[in-house]
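First up is the structure itself, then whatever we jot down about it.
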Amino acid sequence: DSGVTQTPKHLITATGQRVTLRCSPRSGDLSVYWYQQSLDQGLQFLIQYYNGEERAKGNILERFSAQQFPDLHSELNLSSLELGDSALYFCASSQAGAGVTGELFFGEGSRLTVL
Amino acid sequence: AQKVTQAQTEISVVEKEDVTLDCVYETRDTTYYLFWYKQPPSGELVFLIRRNSFDEQNEISGRYSWNFQKSTSSFNFTITASQVVDSAVYFCALNPADNFNKFYFGSGTKLNVKP
């Protein structure tokens, strides 16, 4: 158990819909990362937050947005869903940021299926 | 440029064989961190090891060992006496010290261990 909690574990929805994925980082970790892993694909970095502020942005579509709340949990919002958005979405937390590094600890992922 | 290359897309071995997973990285930083992660069929990403650029000592943990060679920019991972439970996708990652927020993942190597 990495200590990172993601909900929901599985989600099935239709094209055009909007979903929200939630992540609670490990206790004490201020950084939250979101990654997308499509079928047979590697890990695509989406976005990172550190203590509530966006710190790095990767290949995140404009239809996607994220935020980190004062209690450090994070949400990834995916809207106007398309079939190609079907993927495993990982949240990871780390001590990294503000001059400190640390390994990423990943949640179990949220598997999104868009029909 | 920061980049991680895992040239082996997929490897198949028979149980009890030794297997080495290659990882080659590119960075201009003198300080950086390297990681290996395991993704078993269940999907979660499990942290295996972190190594900083100033520590070239090889590390052994049970059947796992890691060979870090700065001269060849490689951080290879060897599993001795492989077991079926080692079947997974293995990812190598680079975290440069000039930006602790960034993690660069390789595309992963899928290891199949057959009984």
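The values are calculated or read from the model by the stated rules, or taken from the named source; none is laboratory data. Predicted, not measured: the structure shown is a model, and the values here were computed from it. For neighbour counting, all protein chains shown are included, and Cβ atoms are generated from backbone atoms with ideal geometry for every residue, glycine included.
Can you tell me which residue in region A:13-45 is farthest from the other protein chains (Cβ to nearest Cβ), limited to those that are at positive phi and of a type in the set (Gly, Ala, Ser)?
In this case the residue turns out to be A:GLY16.
In region B:68-85, what residues are in contact with a strand residue (DSSP E or B) (Cβ under 9 Å, 6 or more places away or on another chain), surrounded by fewer than 18 Cβ atoms within 10 Å (Cβ to Cβ) and not in a loop (DSSP other than H, G, I, E, B)?
B:GLN69, B:THR72, B:SER74, B:THR78, B:VAL84, B:VAL85
Report whether or not A:SER110 is at positive phi and modelled with pLDDT of 95 or more.
No; evaluated as a whole, the condition is false for this residue.
Can you spot a residue in region A:58-68 that is surrounded by fewer than 18 Cβ atoms within 10 Å (Cβ to Cβ), at pLDDT below 95, on the phi < 0 side of the Ramachandran plot and within 14 Å of chain B (Cβ to nearest Cβ)?
Yes, there is a match, as at least one residue in region A:58-68 is surrounded by fewer than 18 Cβ atoms within 10 Å (Cβ to Cβ), at pLDDT below 95, on the phi < 0 side of the Ramachandran plot and within 14 Å of chain B (Cβ to nearest Cβ).
Anything in region B:38-58 that is of a type outside the set (Asp, Glu), farther than 12 Å from B:CYS92 by Cα and touching a residue at least 12 places away in the same chain (Cβ under 8 Å)? List them, or say none.
B:PRO40, B:PRO41, B:ASN52, B:SER53, B:PHE54
Quick check on B:PHE100: is it free of Cβ contacts under 8 Å to residues at least 12 places away in the same chain and part of a loop (DSSP other than H, G, I, E, B)?
So B:PHE100 passes the test.
Only one of B:THR30, B:THR9 is within 11 Å of chain A (Cβ to nearest Cβ) and either free of Cβ contacts under 8 Å to residues at least 12 places away in the same chain or loosely packed, with under 13 Cβ neighbours inside 10 Å (or both). Can you tell me which?
B:THR9
Do the conditions hold for B:SER82, that is, is it over 30 Å from A:THR7 (Cα atoms), of a type in the set (S, T, N, Q), at pLDDT 95 or above and out of contact with any Pro (no Cβ under 8 Å at 6 or more places or on another chain)?
It is true that B:SER82 is over 30 Å from A:THR7 (Cα atoms), of a type in the set (S, T, N, Q), at pLDDT 95 or above and out of contact with any Pro (no Cβ under 8 Å at 6 or more places or on another chain).
Tell me which residues, restricted to region B:41-64, are surrounded by 14 or more Cβ atoms within 10 Å (Cβ to Cβ) and either part of a loop (DSSP other than H, G, I, E, B) or aromatic (Phe, Trp, Tyr) (or both).
Within region B:41-64, B:GLY43, B:GLU44, B:LEU45, B:PHE47, B:SER53, B:TYR64 meet the criteria.
Kindly indicate the residue of region B:103-115 that is of a type in the set (Ser, Thr, Tyr) and not in a loop (DSSP other than H, G, I, E, B) and also nearest to the chain's Cα centre (by Cα) among those meeting that condition.
Top of the filtered list is B:THR109.
Could you list, in sequence order, all residues of region B:14-37 that are in a strand (DSSP E or B), β-branched (Val, Ile, Thr) and farther than 13 Å from B:TYR90 by Cβ?
Answer for region B:14-37, where residues must be in a strand (DSSP E or B), β-branched (Val, Ile, Thr) and farther than 13 Å from B:TYR90 by Cβ: B:VAL14, B:VAL24.
Could you go through region B:63-72 and let me know if any residue there is within 12 Å of chain A (Cβ to nearest Cβ) and not acidic (Asp, Glu).
no
Considering region B:97-109 alone, what residues qualify as being more than 9 Å from chain A (Cβ to nearest Cβ) and at pLDDT 90 or above?
Once the filter is applied, which keeps residues that are more than 9 Å from chain A (Cβ to nearest Cβ) and at pLDDT 90 or above, region B:97-109 yields only B:THR109.
Conditions first: (1) more than 17 Å from B:PRO40 (Cα to Cα); (2) aliphatic (A, V, I, L, M); (3) surrounded by 19 or more Cβ atoms within 10 Å (Cβ to Cβ); (4) within 11 Å of chain A (Cβ to nearest Cβ). B:LEU94 passes all but one, so which condition is the exception?
Every listed condition holds for B:LEU94 apart from (4).
With the requirement that a residue be surrounded by 23 or more Cβ atoms within 10 Å (Cβ to Cβ), without any contact (Cβ under 8 Å) to a residue 60 or more places away in the chain and either touching a helix residue (DSSP H, G or I) at 6+ places or on another chain (Cβ under 6 Å) or not polar (S, T, N, Q) (or both), what does region A:69-95 give you?
The answer is A:LEU76, and nothing else.
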